[in-house]
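What follows is one structure encoded as structure tokens, with my remarks underneath.
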Amino acid sequence: MKRSGENGRMSSRLTRRAVLAAIAGPATAAAAESGSLAAAARAGGRAFGSAFDREVLTDAAYGRLIGRECAWGTVENSLKFDWLRPRGPAADFAAADRVVEAGRALGLRLTGAALVWNDWVPPWVGRLSRAEIGALLDRHVTEVVSRYRGRVAEWHVVNEPFYPPQNRPGGFRQGAWFDALGEAHIERAFRRAAAADPQARLVLNEAFCEQDDALGRAIRPRLLALVDRLLAAGAPLHAVGFQAHLKPHLPYDDAGFADYVGQVAARGVAVQITELDVDDSHLPDDVPSRDAIVAQRCGDFLRAVMAVPALDRVSVWHLSDRYSWYAHAPWYATAVRAHGGRPDRPVRSHLYDAALGAKPAREAVARALLTRGPRR
Ligand code: XIL
């Protein structure tokens with residue numbers, strides 16, 4: 001069934017109780033409320049995680065919340081190329097080291113995001129020759145993965161390989177790595193990462209696939225074909241991640257997306273939801289209405305993907321509105337304004353509010369994690 005923003009407007013009239021009733025029956029409600037999200041996911045043979053970064057070095061309450069709710073943590077930024085090497089090839093690992101240690105101290109298993117991403121490549125890379133860019137990719141992957149071997153269990157090796165609107169050959173995302181090395185940079189990064197840490201779990205992470213619009217429909221077959229090519233070449237690809245920054249104002253089809261995720265998994269890789277949250281920029285200012293829509297969207301989406309046996313992880317892109325990336329994304333405030341929202345209104349995209357209070361979306365996610373499908 002196709003849905004769109006029309007559905008969002010209907011949802012805005014639902015009460016919190018109605019949303020919860022729609023999300024799960026009373027049998028799972030008690031379990032959802034008593035346990036952590038990690039426990040709810042574990043009950044279904046899955047794992048739950050969140051992005052985190054240097055805020056946990058100073059915000060002990062947020063650190064405790066992440067430690068309580070999550071089994072896994074994804075380092076949001078500190079391990080990214082532009083954060084490690086903003087001005088030249090020599091990396092500064094000081095902040096990343098502290099964040100990795102903080103995550104371990106919270107009891108999290110760690111994912112590093114993202115070794116290779118054609119967005120956010122610092123300008124100095126663009127001044128290098130092709131051969132130098134190839135050598136830089138090798139050096140970056142090898143240095144970062146071997147430094148954290150045994151501490152970071154999993155890497156998003158390549159992030160967002162496709163962005164067809166840029167009209168590059170194959171629909172690949174434009175950027176220094178692709179422009180210099182073509183598609184081959186992807187397999188090269190996976191092989192380098194495996195050589196640096198043979199135990200690490202290596203993930204190909206992609207955006208927009210959950211959208212049933214031109215963008216989502218353009219990326220899905222390209223990603224599937226890339227997975228096929230990588231596996232046929234014997235590349236060490238272990239899992240495919242789907243970001244799932246849900247956009248309730250765009251068309252979506254959760255059952256169709258779950259089918260697609262199943263097709264990817266049928267290639268013999270694990271599948272993950274890696275960055276779940278809801279872009280609330282088009283939703284009404286009214287907080288209870290917005291929270292109800294966000295909760296319903298998360299719950300509907302997760303329940304559908306939980307039916308895929310190979311799904312082994314659900315991670316959110318921060319647990320709380322306090323550290324929402326939307327608040328700093330340049331396009332977000334513009335989108336709020338363009339859809340009639342007050343520019344100073346708080347972001348309500350995540351499971352906990354800025355005061356670290358649980359919102360309806362937290363319960364919706366807990367229930368969805370419990371209403372699992374079969375686990376492979
Ligand atoms: C975002 C971070 O959350 C921001 O703090 C940073 O400024 C830019 O990157 N998809 C991704 C993530 O793959 O790496 C992005 O993270 C959010 C969208």
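The values are calculated or read from the model by the stated rules, or taken from the named source; none is laboratory data. As the structure is a prediction and not an experimental result, all values here were calculated from the model. A quick note on method: Cβ atoms are made from the backbone with ideal geometry, for glycine too, and the neighbour counts reach across all protein chains shown. Quick note on the areas: whole protein, heavy atoms, side chains included, nothing else; ligands and nucleic acids left out. Shrake-Rupley method; radii C 1.70, N 1.55, O 1.52, S 1.80 Å.
Summing charges over all other residues whose Cβ lies under 12 Å from the Cβ of residue 201, with Lys and Arg as +1 and Asp and Glu as -1, gives -1. Computed from backbone phi with θ = phi - 60° and the Karplus coefficients 6.51, -1.76 and 1.60, the 3J(HN,Hα) list for the range 322-330 is 4, 10, 5, 5, 4, 4, 10, 5, x Hz; x is used for glycine and proline.
Taking 25 °C and 0.890 mPa s as conditions, the range 129-272 diffuses translationally at an estimated 155 µm²/s according to Stokes-Einstein applied to its Kirkwood radius (Cα pairs). Using the Karplus relation 6.51 cos²θ - 1.76 cosθ + 1.60 with θ = phi - 60°, the per-residue 3J(HN,Hα) values for the range 165-181 come to x, 7, 6, 7, x, x, x, 5, 6, 6, x, 4, 5, 5, 4, 7, 10 Hz, with x marking Gly and Pro.
The range 68-121 and the range 140-196 have Cα centres separated by 15 Å.
Hull volume per residue, based on the alpha-carbon atoms of the chain and their convex hull, is 131 Å³. Considering only 215, 311, 358, the residue lying farthest towards the positive end of the dipole of the chain is 311, judged by Cα position with unit charges set on Cβ. The string of couplings for the range 281-291 from the Karplus curve (6.51, -1.76, 1.60, θ = phi - 60°) is 5, 9, 8, x, 4, 3, 5, x, 5, 5, 4 Hz, one whole number per residue in order, with x for Gly and Pro. Between residue 231 and residue 334, the distance separating the two model label sites (each 7 Å from Cα on the Cα→Cβ line) works out to 3.9 nm. Rolling a 1.4 angstrom probe over the chain with all protein chains present gives an accessible area of which 54% lies on carbon and sulfur atoms. Near residue 271, the amide H atoms lying under 5 Å from its own belong to 240, 311, 312; only residues 5 or more places off or on other chains count, and H is placed 1.01 Å from N. Amide H contacts of residue 172 (H built 1.01 Å from N, in plane; Pro and chain starts excluded): 163 sit under 5 Å, all sequence-distant by 5 or more or on other chains. Taking every protein chain into account, the accessible area of the chain amounts to 39 square angstrom per residue (probe 1.4 Å).
Build a GNM of the chain with springs between Cα atoms under 10 Å apart, and of 354, 239, 47 the one that fluctuates most is 354.
Summed over qualifying helices (DSSP H, 4 residues or more, each -39500 (n - 2.57)) and divided by its residue number, the chain shows a 222 nm mean residue ellipticity of -13000 deg cm²/dmol. Of 321, 291, 59, which has the largest mean-square fluctuation in a 10 Å C-alpha GNM of the chain? Taking springs between Cα atoms under 10 Å, the residue moving most is 59.
In this structure, the amide hydrogen of residue 349, modeled 1.01 Å from its nitrogen in the peptide plane, lies closer than 5 angstrom to no residue at least 5 positions away or on a different chain.
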